[in-house]
Amino acid sequence: MVDNDNKLTADQLDVLKEIGNIGLGNAATSLAQMLNKRIDMSVPETKFVSLEEAMNLVGGLEEIVACATLRIEGDVPAQVLFVFNNDSALYLVDMLMGMEKGTTKQLDEMGESVVKEIANVLTGSFLNAIGTMTQLNMVPQVPMFAYDMLGAVLSTSLVAGGYIEENILMIETVLFEEYNYIKGHFFFITEEQSLNKLFNALGLTIN
C-alpha cells in the first residue's frame, strides 16, 4: 500500500507526472478547439496525500470550492474529483464563456455546467492517457457537482464512493490563458487492489 510519496521512486513519480502532462495536454487542445483560443496547462506537482493533506493543499476545511466528482468503472474502479477554489471556479466560467475576468460573481446553473464539462474533458483525457499506456479499460460516468465547504465535499465524495482516506493521488493542474491562470486539484481515489493493478500495468513496483 502506498502511504505517501516517500515510498515511490523519482522515476515512478515522473511516470505519473508524465501521464498527467499527456492527458492534460490533450485536454488543453480540446478546450482550445472548443473555445477557438489558446489554452495551456501544466502539472506542477504529483504526489500521494492523505485526506488531511489534500484539504490543506486546497485551502482548509472551510474553503468554499466547486467540485465535480466522477465515478470511474472498468479495470480500475475509482473516484475522481476536480476541485477549484471559489475564485478559480468563477474565473474558470469567465474564461470559458469568453467574458472579462471578474464578470461572474456566483456559480449559477450555467457555471455548474461549465465546471462539469471541464471535469469531463480533463478526466477523459487523463483516462485516455492511462489507457494508451496500460491498455486498461477505465470508463468515466456522469459527473456530479457540489459547491460547498471543502471538508463537506471531500467527506461526502469519499463516503459515496465507499473509499477510505488513506491514499489519494493528487495532480495539481494549472490552466493558462495569456497572462492569467487558474489552479485546480485533480484527486484520484481508489482501493489498494486497483492501485496495484494500475502500477503493475505501468511497470511500477510498489515497495
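Residue check: is I168 touching a helix residue (DSSP H, G or I) at 6+ places or on another chain (Cβ under 9 Å), of a type in the set (A, V, I, L, M) and closer than 19 Å to F48 by Cβ? Walk me through it before giving the result.
Values: touching a helix residue (DSSP H, G or I) at 6+ places or on another chain (Cβ under 9 Å): yes; of a type in the set (A, V, I, L, M): yes; closer than 19 Å to F48 by Cβ: yes.
When the stated conditions are applied, I168 passes them.
Could you tell me which of the residues D75, D148 is within 22 Å of V15 (Cα to Cα), charged (D, E, K, R) and at pLDDT 85 or above? Lay out the reasoning, then the answer.
Working: D148 fails: within 22 Å of V15 (Cα to Cα).
Criteria check complete, one pass: D75.
Report, by residue number, each residue of the range 81-100 that is modelled with pLDDT under 85 and either among the polar types (S, T, N, Q) or in contact with a strand residue (DSSP E or B) (Cβ under 9 Å, 6 or more places away or on another chain) (or both).
L92, M95 - these are the residues of the range 81-100 that are modelled with pLDDT under 85 and either among the polar types (S, T, N, Q) or in contact with a strand residue (DSSP E or B) (Cβ under 9 Å, 6 or more places away or on another chain) (or both).
In this structure, is T69 polar (S, T, N, Q), within 18 Å of the chain's Cα centre (by Cα) and under 18 Å from L169 (Cα atoms)? It would help to see each step written out before you state the result.
Details: polar (S, T, N, Q): yes; within 18 Å of the chain's Cα centre (by Cα): yes; under 18 Å from L169 (Cα atoms): yes.
When the stated conditions are applied, T69 passes them.
Do we find that V153 is in contact with a strand residue (DSSP E or B) (Cβ under 8 Å, 6 or more places away or on another chain), at pLDDT 80 or above and part of a helix (DSSP H, G or I) in this structure? Give the derivation first.
Values: in contact with a strand residue (DSSP E or B) (Cβ under 8 Å, 6 or more places away or on another chain): yes; at pLDDT 80 or above: yes; part of a helix (DSSP H, G or I): yes.
Spelling it out, V153 is indeed in contact with a strand residue (DSSP E or B) (Cβ under 8 Å, 6 or more places away or on another chain), at pLDDT 80 or above and part of a helix (DSSP H, G or I).
Have a look at A78, A89 and point out the one that is of a type outside the set (S, T, N, Q), under 24 Å from Y181 (Cα atoms) and touching a Ser or Thr at 6+ places or on another chain (Cβ under 9 Å).
Of the residues listed, the single one that is of a type outside the set (S, T, N, Q), under 24 Å from Y181 (Cα atoms) and touching a Ser or Thr at 6+ places or on another chain (Cβ under 9 Å) is A89.
Could you tell me which residue of the range 8-30 is modelled with the lowest pLDDT, considering only residues that are more than 14 Å from E172 (Cβ to Cβ) and in contact with a strand residue (DSSP E or B) (Cβ under 8 Å, 6 or more places away or on another chain)?
L8
Enumerate the strands (runs of 3 or more DSSP E) found wholly within the range 52-147, keeping only those where 2 or more residues are in contact with a helix residue (DSSP H, G or I) (Cβ under 8 Å, 6 or more places away or on another chain), surrounded by 15 or more Cβ atoms within 10 Å (Cβ to Cβ) and of a type in the set (S, T, N, Q).
Values: elements: 64-74, 78-85, 138-140.
Result: 78-85.
Kindly list, by first and then second residue, each pair from a residue in the range 89-117 that is closer than 16 Å to M34 by Cα and in contact (Cβ under 8 Å) with a residue 40 or more places away in the chain to a residue that is among the β-branched types (V, I, T) and not in a loop (DSSP other than H, G, I, E, B), limited to pairs with Cβ atoms under 6 Å and residues at least 6 apart or on different chains.
Close Cβ pairs (under 6 Å, with a partner that is among the β-branched types (V, I, T) and not in a loop (DSSP other than H, G, I, E, B)) amount to L92/I182; L96/V114.
So, in the range 26-39, of the ones that are surrounded by fewer than 16 Cβ atoms within 10 Å (Cβ to Cβ) and of a type outside the set (S, T, N, Q), which residue ends up nearest to N120 (Cα to Cα)?
M34
The values are calculated or read from the model by the stated rules, or taken from the named source; none is laboratory data. None of the values given here were measured: they were computed from a predicted structure. Counting neighbours? That spans all protein chains shown, and the Cβs are built from the backbone with ideal geometry, glycine included.
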